[in-house]
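Notes to accompany the following structure.
Coordinate-derived values only; no laboratory data. Because the structure is a prediction, the values reported are computed rather than measured. Backbone-built Cβ (ideal geometry, glycine too); neighbour counts: all protein chains shown.
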Amino acid sequence: MGMPYLLLALLLPVAALHASGAGKGHAAQTPSATPSSEVINQPLSAFELKGTQREIFRRVLQARLYHQGIWTLSDPSQTPVTAARTIASLKPTFVTGLLRIPDRGSLSNAEVDAFNAVRTAVLASVKGCRFDIVMNAGSEHSGDLVVRRMREISARVHPDAWTFHIAPDDTSLNPEVFEDGIAYAHSQGKMTGYDGPLSMIPEGVDYIVVRALELKVHRRQIEILREKHHVTILVELPTTTGGKADPDCEAYIGKLSSSERCAAITSLAENQNSWGYRFAYPVFYPVEPDKHAFDATKESLLMVTIRALLARFN
C-alpha cells in the first residue's frame, strides 16, 4: 500500500463511508441528522484511568494465547503457566491480545483460566499492568447486542480494555455498535481501542492500532493520526484476519531469518519515541491461518533482542 493511498484513506470522512451502504456483513446505513440514540464519546481522562496513557502504554507486549476459542501455541511444553512466566519476566505495563474472543458463544473455562493465569503472574511483579480483550465488532449489528456480549464476557474475566476489531477490507461500520460499546466500557472505567481501516476510526476510543504493513510504518501517517485523535497509537505486526493469509504475516513467520526478524522489530522499536507511537512487541504473535501464533520464545536471538529493546526504549 503506497503512502498517497494511506494519506487519502486517513482523510476520508467517516460519514461518507456510512452513507455508502453496506460493507461486508453490514446493512446499509440510513443517514439521519438526529440519530435516535445520540452518544458523544470522549477518551477517558487520566483521572478516570488512574494513570496517564504514557504510563499505561510505556511497555506493550502482544501475546495471543487463544484465538476464537483455539489454543495458539503448538509446542506441547507451552502452557498458560509457562506463557505467563515469560510475559511476566518482560514486566509489561499493557498486554494486548491474550484472548481474541469467539464471535459467538461463551468463553471456555480454559480461556478464562489462561487469561487469569497470565494476569495473576504479571500483576505479582508489575502492579497496575492493564490487559485487553480483542472483540470482532465488525460482525455485530446492534449496539444493544454488543453491550450484552461485553457484559457476558466481563462476568467471566475482567479486562481493563476492549480492542474492537474490524476486518481490514470492510468499507463501512455500524456507528451504533461503537457508540454503545465505547459508552458501556467507559461507564465501567475500561479503555477502548480500535483495530481496523484507518478511514473509519470512531469517536471516543482511547487508542488506535496501526498495522506495520510491509513491516514498516510511515511517520506522516502517525503524525496525522496523533493530530486528529490525540490518543495513543499502537503499532502492531500484520496478522491473519478471518482465516485469510496475510502476505506480511507470512513473510515474517515463514520467509525471514531470525536475524531479519530481529532487524524488523528493531526498526519499529527504535522509531517509537521520536515518532510518537508505542510498539507492541510480538512475543506470541502474529497468528497464522491455522490459528497458531508465532512463538518468539523458540528463537533465542529474537527473545534476547526483544529484552534488549524493551530495556533501551521502554
Open item on the list: Explain nothing, just compute: Karplus ³J(HN,Hα) = 6.51 cos²θ - 1.76 cosθ + 1.60, θ = phi - 60°, for every residue of segment 79-86 in order, whole Hz, x for Gly and Pro.
Closed with: 10, x, 5, 5, 5, 4, 4, 5
Open item on the list: Which of rounded, prolate or oblate describes segment 217-305 when judged by the alpha-carbon gyration tensor and an a/c cut-off of 1.5?
Closed with: oblate
- [ ] Please report ILE182, ILE265, ILE101 as a ranked list, fewest other C-beta atoms within 10 angstrom at the top and most at the bottom.
- [x] ILE265, ILE101, ILE182
- [ ] Note the angle between two axes, namely the Cα long axis of helix 143-156 and the longest principal axis of the Cα atoms of the chain, as a number of degrees from 0 to 90, rounded to the nearest 10.
- [x] 30 degrees
Task: In degrees, nearest ten, helix 219-229 long axis to first principal axis of the chain (Cα) - done: 50 degrees
Open item on the list: What does the net charge come to around LEU310 if you take all other residues with beta carbon closer than 9 Å to its beta carbon, with K and R at +1 and D and E at -1?
Closed with: +4
Task: Pairwise Lys count, segment 215-314 - Cα closer than 28 Å, eight or more residues apart or different chains - done: 10
Task: Three-way shape label, segment 45-313, alpha-carbon gyration tensor, a/c 1.5 - done: rounded
- [ ] Relative to the longest principal axis of the C-alpha atoms of the chain, give the angle of the C-alpha long axis of helix 175-187, reported between 0 and 90° and rounded to the nearest 10°.
- [x] 60 degrees
- [ ] Rounded to the nearest 0.05, what FRET efficiency do GLU270 and THR52 give with R0 = 35 Å and r taken as the Cβ-Cβ distance? Could you check?
- [x] 0.90
- [ ] Determine the calculated [θ] at 222 nm for the chain from helices alone, applying -39500 (n - 2.57) to every DSSP H run no shorter than 4 residues and normalising by the residue count; nearest 500 deg cm²/dmol.
- [x] -11500 deg cm²/dmol
Task: Max mean-square fluctuation residue, GNM over the chain, Cα-Cα springs under 10 Å, options VAL283, VAL147, VAL81 - done: VAL81
Task: Top of GLY254, GLY128, GLY276 by mean-square fluctuation, Gaussian network on the chain, Cα under 10 Å - done: GLY254
TODO: Run through the DSSP bridge list for segment 45-313 and note the antiparallel percent, rounded to the nearest 5.
DONE: 15 percent
Open item on the list: Can you give me the long-range amide H partners of SER172? Hydrogens built in the peptide plane at 1.01 Å from N, cutoff under 5 Å, separation of 5 or more residues or another chain.
Closed with: GLY23, LYS24
Task: Extension reserve of the ILE70-ARG104 stretch, reckoned as 0.36 nm per residue once the Cα distance is removed - done: 10.9 nm
Open item on the list: Name the residue from GLN68, ALA110, SER45 whose Cα lies farthest towards the positive end of the charge dipole of segment 45-313, charges +1 on Cβ of Lys and Arg and -1 on Cβ of Asp and Glu.
Closed with: SER45
Open item on the list: On a full-extension model of 0.36 nm per residue, what is the gain between ASP169 and LYS244, subtracting their alpha-carbon distance, rounded to one decimal in nm?
Closed with: 25.9 nm
Task: Lys, Arg +1 and Asp, Glu -1 on Cβ, resulting dipole of segment 45-313 about Cα centre, debye, nearest 20 - done: 1020 debye
- [ ] Report relative contact order for segment 45-313 in percent, whole number only (criteria: Cα-Cα under 8 Å, sequence separation at least 6).
- [x] 19 percent
